[in-house]
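Okay, structure first, notes after.
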């Protein structure tokens, strides 16, 4: 029933590569649907406790949607960028739903110690990743007001699991720029997250 | 909100901020303030913002790495390399642990992924991995076995550990206190594991219930040796302490240097907790816990658990002394005391669930074995297809780069043992070395080398013993055909090589000729002798792999020195004599130095003869003997007999020497054939390509010589000088003057006025009819030195007499240069001249 997709995805990717930014918005729902369907299937197969392997999901989605006709390497990078945005939405939706389920429908803010628990070496058992993801999504919206490129870098790197090179390719900047932006964005987001949590106290 | 520098010429944009952030990040914190003040040109707002971001940078990276680690962690059903993830085993401070199936060795393992941000600190990571490898070399029934320390495709380090049925002590404690007898039995086993580790200088640093595995069979195993330090690295700020500080020793809490007594403290805390169900040092927050560890005495054990004997309570008190000097000096001392707590050392009662689980496991195991057996039967048929095999460089898991020679030596020995298998073509070591540490997929490597199967493995050293693990993997479809693991004392390391090789041979359904021969080193030689032998082989290999001749003489001398030592230590060891013969014949021939030739050809012959006296099946000795016979003694029939015997014994290694023989004997067509055979075994070797091209040229096939070198040039990253000059020679042969001159002119510029290339250029000019240019160059060369290449030039200029005289001169000084002369253009051009025929006769070469 999705027979029409491969061709249109190919077409849209070519458009995207040619610089037609509108193709991104057209692609997003297609990619979102596919990723969402696959993620659901994966979650049904395995215990809901298991984390999603986003990289594998995205790659599989790519093969399904665009893989039939020997697409170009550049197309793959552009696909990954779309998938990163879709993945962000999917993961945040899951996280919200799981928070809600845990807290009996009420969404809860993250506590400061929970942010610290998520630091390496911290005790992981508190299981606050969902809350952290939701908080991160909100911080990312704030970053978007300040620095659009850094937001895209975070989407690609963090949610899309993309390499520096792939990210650089789709954003049309140098890998060094991606590296710098990624480093600064992490500091910005982490500080913002902490501040948001501290204000709540 | 405009900064005071807002009126400056260029406001600082986000791009500049990113650059400044990156630079400041790389600096020492003390240097940052001055740098930022300067760089922000008085823009206080930007300066404050960068300062604040930098203050969060370290924690931010850790935070994202951790969060991302949970997002992209491997999921059930996915494969990481040869591991297929079966499910999560649990998660702890170091990240999630997965249950996985090792598809190569067909066993279940636990996979632990180390935090990805470790890769951002390569030095620290390397140092810690070395330590983890040292811990991995620890084999003890009370220590969890680490099978492999590897890296995922994206550079994330992971550990593959043995997977044990059972539960952690932490899980056990969740069900309540442990009876004293059982608690002591657990402590005894933990102490045994610690004693073994401490004896090797490994401190655990993180003994806690979560790291103590109570296996279903009643054994207790310590997990995560050597990992605590990895965890320390992740502590990027004082605010981020690991979750489990309750088991830290006072010295650890203070950040003092640690020794084995820190582990004894932690074991004391664990023992206390097992007995009472609570931790001895508690507090509402981390600081309070640390204060208690540093300054408070734990509540009396006797009061909490009256049934605990005073003796045991005393032991626990001593383990928990603040001053390490007042604790037990070692885990062994502790063991003595624990043993004397008498009746309390009851065994850990096997739980009924464990027994049932054990039963299920056994049944599952039996099923697995049955499947594995039937697979093996199926593969046995397919395995006949293995006709060309490559032995990948063995992974050095010894954790000690100085052991490289040992690992390399084993690799070499494996290749030569495998080469004895009739009908099997084994790719030479030289072509394999580029795959050292490679993560290229098997099918790709196989395609590059044109092989059906790859043998890969690793070497593990633990004290006086060595463990070799080998796997035979068929390339397409990628399938694991066979695996074996060999564990021996170092004394037998060489016998072990033969054993591994023969086992693989059986697996691929071939019979080795060495089944009955004595060449498989059943001879027991001392460890020193083996060591010297392996070092000798290592340096010989280094020479073969060197792309240029630099340092060659020193390298061969070093190799010869080690082999001389091996021979002195084990005078009856045929293999060592044979390798020494090779080192000597290289010394004699490689340098083109007549004095070395006179000294080392006889030595090489003597060593070869001694080797053959001890073991007639030493192929290398026959080959070396043959080399000496034709190159030095001009005994052409004897040489051919020896080399053919070497080929019969080991068809893989000595094609090359035979080809050289044929070339020297003027049998150029046959030489081409044998160089080509040598090349199929050594497809990536530049030297063989070079010589094959040479043989083509001698055989009058200049076009093929050019094709060979052009292909080689495409394979190499850049074009070495010799390749250009050889190519030019063959262009000249084929009368392609413009091409030749183009190469030679580049060369003359590349290697400024090098006599050899200038001479070639001059003769190219001459051949191309540009005699004036040739003469000018010739004058320059002759003014510098009477080069070997001059005769071709004289010939090109039409002065045949002087050309011949130059040849006579050169051969008078160095008769060993004849091989080169015989295969040179000038020989072909002059071979009909009576004076040249005379030289050939005088030097006793077949005409």
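Odds and ends about this structure:
- Some residue of the stretch B:158-173 being touching a helix residue (DSSP H, G or I) at 6+ places or on another chain (Cβ under 8 Å) and closer than 20 Å to residue B:309 by Cβ: no
- Being in a helix (DSSP H, G or I), at pLDDT 80 or above, closer than 30 Å to residue B:431 by Cβ and touching a helix residue (DSSP H, G or I) at 6+ places or on another chain (Cβ under 7 Å) is not true of residue B:760.
- Highlighted here are the helices (runs of 4 or more DSSP H) found entirely within the stretch B:491-604 that include at least 2 residues which are modelled with pLDDT of 75 or more: B:527-545, B:552-569, B:574-590.
- Counted residues, the stretch A:159-181 - those being surrounded by fewer than 21 Cβ atoms within 10 Å (Cβ to Cβ) and over 25 Å from residue A:18 (Cβ atoms): 2
- Residues (in a helix (DSSP H, G or I), facing chain B (nearest Cβ under 10 Å) and in contact with a helix residue (DSSP H, G or I) (Cβ under 6 Å, 6 or more places away or on another chain)) located in the stretch A:159-177: A:159
- The one condition in (1) modelled with pLDDT of 80 or more; (2) part of a helix (DSSP H, G or I); (3) closer than 25 Å to residue B:657 by Cβ that residue B:700 fails to fulfil: (2)
- In the stretch B:149-166, the residues that are assigned to a strand (DSSP E or B) and at pLDDT below 80: B:149, B:150, B:151, B:157, B:158, B:159, B:166
- Considering A:85, A:55, the condition of being part of a helix (DSSP H, G or I), surrounded by fewer than 24 Cβ atoms within 10 Å (Cβ to Cβ) and at pLDDT 70 or above is satisfied by A:85 alone.
- Scanning the stretch A:122-143 for residues that are modelled with pLDDT of 60 or more and within 8 Å of chain B (Cβ to nearest Cβ) returns A:129, A:132, A:133, A:136.
- Qualifying residue in the stretch A:182-201 (condition: out of contact with any helix residue (DSSP H, G or I) (no Cβ under 7 Å at 6 or more places or on another chain), crowded, with 16+ Cβ neighbours inside 10 Å and either within 12 Å of chain B (Cβ to nearest Cβ) or modelled with pLDDT under 90 (or both)): no
- In the stretch B:11-30, residue surrounded by the most Cβ atoms within 10 Å (Cβ to Cβ) [restricted to those that are more than 10 Å from chain A (Cβ to nearest Cβ) and not in a loop (DSSP other than H, G, I, E, B)]: B:24
- Of residues in the stretch A:144-158 being more than 10 Å from chain B (Cβ to nearest Cβ) and surrounded by 17 or more Cβ atoms within 10 Å (Cβ to Cβ), the one nearest to residue A:61 (Cα to Cα): A:156
- Within the stretch B:258-370, helices (runs of 4 or more DSSP H) holding 3 or more residues that are modelled with pLDDT of 80 or more: B:261-276, B:286-295, B:310-319, B:331-339
- Among the residues examined, residue B:87 does not qualify as within 12 Å of another protein chain (Cβ to nearest Cβ), outside any strand (DSSP E or B) and at pLDDT below 70.
- Residue that is surrounded by the most Cβ atoms within 10 Å (Cβ to Cβ) [pool: residues in the stretch B:99-147 that are within 17 Å of residue B:197 (Cα to Cα) and modelled with pLDDT under 65]: B:128
- Residues within the stretch B:633-657 that are at pLDDT 90 or above and buried (at least 19 other Cβ atoms within 10 Å of the Cβ), tallied: 5
The values are calculated or read from the model by the stated rules, or taken from the named source; none is laboratory data. Note that the structure is a prediction, hence the values are computed from the model and not measured. Because the Cβ atoms are built from the backbone with ideal geometry, glycine has one as well, and the counts that use them run over all protein chains shown.
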